[in-house]
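Q: Attaching a single structure in structure tokens format; questions to follow.
The values are calculated or read from the model by the stated rules, or taken from the named source; none is laboratory data. Because the structure is a prediction, the values reported are computed rather than measured. With ideal geometry, Cβ positions are generated from the backbone for all residues, glycine too; neighbour counts draw on all protein chains shown. For the accessible areas, the whole protein counts, side chains as well, though only heavy atoms, and no ligand, DNA or RNA atoms are used. Shrake-Rupley method; radii C 1.70, N 1.55, O 1.52, S 1.80 Å.
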Amino acid sequence: MLKIIDTQQKEMFSAKKEYDEAISHRDEIKNDLDVLNGRRKCIDIAIDIINNGLKYIFFAETRLTLQRDGDFYKLLSNGRPVSPKNVSVGERNIIGLCYFFTSIMAGKNKDTAYNDEYFIVIDDPVSSYDFENKIGILSFLKYKLGQFLNRNINSRAVVMTHDLLTFFDLEKICSELA
């Protein structure tokens, strides 16, 4: 009888060990899932921020937007899917500029992120655009650079251009931000 009890206790300890390992494994999987859901949430927030930038530049809700489709992104032009190779170089650059400003903020609290010190370099942000898009880009640059430069006096920005009119527009923007 004692031998049966001893065998059952060993089986019970073995089963408890397997149970504890399964619980531990479940908790690891749950933590991994939480991390992935957090990343997805950050991606969704980034898409919203990029889309807000696109709306700001184009002065239109649906001119160009990004939409998450599972693990991929869709580019929409006026609500219709479009391949990135089928949009103009200027439109791709606008998406890149919106992404640039969004990526600077990655992993930071949106309420305090602009308080950090930044050195921002932008090369010819308004090349190859028509007049309406130039106005949108310059307005967007003023807005975004103002967020960075006005929140931390040590932040700096360098914006380069070869276009004389753009240079004067940027000079005016900088004087308004000072």
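Q: What does the charge count near residue 105 come to, summing +1 for each Lys or Arg and -1 for each Asp or Glu among other residues with Cβ under 13 Å from its Cβ? Mind dumping the intermediate values first?
A: On the way: positive: 108, 110, 144, 151; negative: 48, 111, 116.
In short, +1.
Q: For 98, 174, give the ranking by accessible area with the largest first, probe 1.4 Å. Don't skip to the answer; put the middle values down first.
A: Values: 98 5, 174 80 Å².
Ranking 98, 174 by accessible area, largest first, yields 174, 98.
Q: Just to verify a number: FRET efficiency for residue 139 and residue 72, C-beta to C-beta distance, R0 = 41 Å, to 0.05?
A: Taking R0 as 41 Å, the efficiency between residue 139 and residue 72 is 0.85.
Q: May I pose another question? Looking at the chain as a GNM with Cα springs under 10 Å, which of 22, 157, 113 has the largest mean-square fluctuation?
A: 22
Q: Same structure again: Sum up the charges of everything whose Cβ sits under 14 Å from the Cβ of residue 167, counting Lys and Arg as +1 and Asp and Glu as -1, but leave residue 167 out. Show your work: numbers first, answer last.
A: Details: positive: 134, 172; negative: 123, 124, 163, 169, 171.
Local net charge: -3.
Q: Under the 0.36 nm per residue contour assumption, what length would be gained going from the current alpha-carbon distance of residue 151 and residue 164 to full extension? Mind showing how you got there, number by number?
A: Working: separation 13, 0.36 × 13 = 4.68 nm, distance 2.90 nm.
Length gained, residue 151 through residue 164: 1.8 nm.
Q: A further question follows. Given a cut-off of 20 Å, name the pairs among 108/172; 134/172; 55/142; 85/142 whose C-alpha atoms lie farther apart than that in the structure shown.
A: From 108/172; 134/172; 55/142; 85/142, over 20 Å: 108/172; 85/142.
Q: In deg cm²/dmol, rounded to 500, what helix-only [θ] at 222 nm does the chain give when every DSSP H run of at least 4 residues adds -39500 (n - 2.57) and the total is split over its residues? Walk me through the intermediate numbers first.
A: On the way: 4 runs with 108 residues, N = 178.
When only DSSP H runs of four or more count, the value is -21500 deg cm²/dmol.
Q: Another question, if that's okay. Only Cα pairs within less than 10 Å get springs; with that Gaussian network setup on the chain, which residue of 31, 154, 133 has the largest fluctuation?
A: In this elastic network of the chain, the residue with the biggest mean-square fluctuation among 31, 154, 133 is 31.
Q: In whole percent, how big is the carbon plus sulfur part of the accessible area of the chain, probe 1.4 Å, protein atoms only? Spell out each step's value before the answer.
A: On the way: 7090 of 12450 Å².
Result for the chain: 57 percent of the exposed heavy-atom area is carbon or sulfur.
Q: Please arrange 92, 156 by accessible surface area, largest first, computed with a 1.4 Å probe and ligands excluded.
A: 156, 92
Q: To continue, here is another question. For a test of the definition: using alpha carbon positions, the gyration tensor, and the 1.5 limit on a/c, classify region 66-107 as rounded, prolate or oblate. List each step's numbers first, then the result.
A: Details: a/c = 2.58, a/b = 1.26, b/c = 2.05.
Judged from the Cα gyration tensor, region 66-107 comes out oblate (a/c at least 1.5, b/c at or above a/b).
Q: How far apart, in nm, are two points set 7 Å out from the Cα along the Cα-to-Cβ line at residue 176 and at residue 130?
A: It is 2.3 nm.
Q: Would you tally the net charge around residue 154, using a Cβ to Cβ cut-off of less than 11 Å, leaving residue 154 out, and scoring K and R as +1, D and E as -1? Kindly include the intermediate steps, with their values, before the conclusion.
A: Values: positive: 151, 156; negative: 116, 117.
So the surrounding residues net to 0.
Q: With a probe of 1.4 Å, find how much accessible area the chain has per residue, and write the answer as a whole number in Å².
A: Counting only protein heavy atoms, the per-residue value for the chain is 70 Å².
Q: If you take P(r) over Cα pairs in 5 Å bins from 0, in percent from the coordinates, which of (i) 1, 7, 12, 15, 14, 11, 9, 5, 4, 3, 3, 3, 3, 3, 2, 2, 1, 1, 0, 0; (ii) 1, 6, 9, 11, 13, 16, 15, 12, 9, 4, 1, 1, 0, 0; (iii) 1, 7, 12, 14, 15, 14, 13, 10, 6, 3, 2, 1, 1, 0, 0 do you get?
A: (i)
Q: Give me the three principal axis extents of region 94-163 from the C-alpha atoms, as integers in angstrom, largest value leading.
A: 35, 21, 16
Q: For the ranges 117-128, 10-21, what's the packing order if you count other beta-carbon atoms within 10 Å of each residue, average per peptide, and put the highest first? Mind showing how you got there, number by number?
A: On the way: 117-128: 14.8, 10-21: 10.0.
With the highest mean Cβ count within 10 Å placed first, the list reads 117-128, 10-21.
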